[in-house]
Amino acid sequence: MIRIWLAGFALALLVAAPIAAAALGNPYLLSLATRAGILAIATVSLQLVVGFGGLVSLGHAAFLGIGAYAIPACAMAGLTDAAASAPAALVAGGGFALATGWFALRTRGVTFLMITLGLRTNGVFRRPVTGHVRRQRRHIDRSA
C-alpha cells in the first residue's frame, strides 16, 4: 500500500514541477523539470518491458525518439499548437510500436534482442522527416 502512495506522490511531483517552474518564471528549472518528466516516462517504459514482461529490450527508446521527432515535423508543417502536436507524437510513436511490435513480440531470447536492436537502428539512422542528417563527430586537433 505504501508503494502506491509513493508512486502517486512521485507522479504528482512530476506533474507539478514544470507547472511550478513556469509560474516562477525560471527557464532553467522549467527545462530541468521537463527533462526529468521525459526521462521518467522512458524509465517507466523500460520497467514495464523488463520488469513485468521479462524481455530485455535494446530498442525501447526508439518509440520515444520517433514521438519526439514528430513534434518538430508538425512545427515544420505549420502546426505549432501543443494540443494538436502532442497527439500526433503519440500516434507516430504508437504507430511505429504497433507496426514493429507485431514482429518483435513473436520472438524470444537473443532473437528478440537482435530484432529490437535492428528496429532501433532502423529508426535512429534513417533520415527523419525534419531533414536532419546525423553528423559524425570529427576529431579536431587543437594542439596546432
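Structure values in brief
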quantity	calculated
Residue count, region 94-112 (criterion: assigned to a helix (DSSP H, G or I) and charged (D, E, K, R))	0
Those residues of region 89-124 which are among the charged types (D, E, K, R) and either over 19 Å from the mean Cα position of the chain (by Cα) or over 20 Å from THR43 (Cβ atoms) (or both), in sequence order	ARG106, ARG108
Selection count, region 73-83, where residues are surrounded by fewer than 16 Cβ atoms within 10 Å (Cβ to Cβ) and within 17 Å of the chain's Cα centre (by Cα)	1
Residue in region 42-57 that is in contact with a helix residue (DSSP H, G or I) (Cβ under 9 Å, 6 or more places away or on another chain), surrounded by 15 or more Cβ atoms within 10 Å (Cβ to Cβ), part of a loop (DSSP other than H, G, I, E, B) and modelled with pLDDT under 80 present	yes
Close pairs (7 angstrom Cβ cut-off, 6 or more residues apart or separate chains): under 17 Å from ALA61 (Cβ atoms) in region 97-115, at pLDDT below 80 and of a type in the set (S, T, N, Q) anywhere	ALA104/THR116
Any hit, region 63-82, residues being of a type in the set (D, E, K, R), at pLDDT 85 or above and not in a helix (DSSP H, G or I)	yes
Within region 21-30, considering residues that are without any contact (Cβ under 8 Å) to a residue 12 or more places away in the chain and small (Gly, Ala, Ser), the one surrounded by the most Cβ atoms within 10 Å (Cβ to Cβ)	ALA22
Residue within region 24-38 that is on the phi > 0 side of the Ramachandran plot, part of a loop (DSSP other than H, G, I, E, B) and at pLDDT 80 or above present	yes
Check on ALA86, under 16 Å from ILE41 (Cα atoms), under 11 Å from the mean Cα position of the chain (by Cα) and surrounded by fewer than 19 Cβ atoms within 10 Å (Cβ to Cβ)	no
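The values are calculated or read from the model by the stated rules, or taken from the named source; none is laboratory data. Predicted model, so just to flag it, every value in this text is computed and none were measured. Glycine gets a Cβ as well: all are built from the backbone with ideal geometry, and neighbour counts include every protein chain shown.
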